[in-house]
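What follows is a single structure, written as structure tokens, with notes after it.
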Amino acid sequence: MKRLGERAAKFLADVLRGAAIGVAFIVPGFSGGSVAAILGVYERLVGAIADIFRDFRRSMKTLLPIALGLVLGAAALVLPIRWGVERYPIPTVTLFVGLSIGGLPAVKEKAPGRPTKRNVIAFLLPCLAAASLVFLPVATRPEGFLYCLDFQGYLLLFFVGAVAACALVVPGVSGSMLLLIFGYYAPLISLILGFFHGVEPLKSLTVLLTAGAGMLVGFFAVSVLMKFLLKKFPRATYYAILGFITGSIVAVYAPFSRSAAQMGMWGWVVSFAFLSLGAALPCLVMYAMKRRAANRTKKPPMGKSAV
């Protein structure tokens, strides 16, 4: 009975982690991979995706609760987050920036010790690459163009889905930011919302299945690469992950530069409060997890047996 309760608790914890990853996928500039690394499930997630054909049952045991949480988190919060990003973009985005900053120490723990020159290079190059997304031009497409795709359009959508899969595999590389740059972000969000309201359900489903198929191919290909890097060069890979996350913090504000210029003093006060709150939450969670782990490993007093 106790073991069953532990399994249920672990399943629920992975569902909640998946929900956090799904929320990160919605916000332009944020990476589900970053959230997975901060929450400590990155290696498990990458390993499960890479080994899905080798050990399907074990991989699905890992992926199922995370995927369930991802779908539930994205579906439940797509409207509130879209409302926050449209009405109050800087405070909303700054909350997620705070979460990223607060989670950096948890990622750094995966690469203990003093950094070498190779580690510094592994940090700087991805950091600059992620930050350079600011300079990429954003394509503009009409929101309804996904309802009128031809064969070449579906092939391009498949490719875009594969590239966007980096959001759940490469920390710091935001799939939603890439979709925004390619001009697919707003049309896909509108299409998903339209699908739930019964607008062109067959065409919407075809578009979503095509994008999903591309994402599955991208997930697998990049996961195999990341698993290899984590196995062969673990410290350098985690420094690269730190670089990607740090650089993405700069890039996340790029789509909202006009809103930042128009924001008043109270907007910045609220943004700073959200930044502090976001940074504090991962630190508190990390402290609680360490304290719980320490309590589990404590030896019973002399003369008393462990319960």
Select, from Gly69, Gly102, Gly153, the only residue that is surrounded by fewer than 17 Cβ atoms within 10 Å (Cβ to Cβ), touching a Leu at 6+ places or on another chain (Cβ under 9 Å) and not in a loop (DSSP other than H, G, I, E, B). Gly153
Index of the failed condition, Met60 passing every other in (1) buried (at least 21 other Cβ atoms within 10 Å of the Cβ); (2) more than 25 Å from Ile189 (Cβ to Cβ); (3) not charged (D, E, K, R): (1)
Might you let me know whether the stretch 182-203 holds any residue that is of a type in the set (Gly, Ala, Ser), at pLDDT 90 or above and surrounded by fewer than 23 Cβ atoms within 10 Å (Cβ to Cβ)? no
Just a yes or no: is a residue in the stretch 43-58 in contact (Cβ under 8 Å) with a residue 24 or more places away in the chain, out of contact with any Gly (no Cβ under 9 Å at 6 or more places or on another chain), in a helix (DSSP H, G or I) and among the charged types (D, E, K, R)? yes
Would you mind stating whether Val252 is among the hydrophobic types (A, V, I, L, M, F, W, C), within 21 Å of Phe182 (Cα to Cα), at pLDDT 90 or above and buried (at least 20 other Cβ atoms within 10 Å of the Cβ)? no
In the stretch 106-120, anything hydrophobic (A, V, I, L, M, F, W, C) and either loosely packed, with under 14 Cβ neighbours inside 10 Å or free of Cβ contacts under 8 Å to residues at least 60 places away in the same chain (or both) is listed as Val120
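The values are calculated or read from the model by the stated rules, or taken from the named source; none is laboratory data. The structure presented is a predicted model; accordingly, all values stated were derived computationally and were not measured. Reconstructed Cβ throughout: ideal geometry from the backbone, glycine too, with neighbour counts over all protein chains shown.
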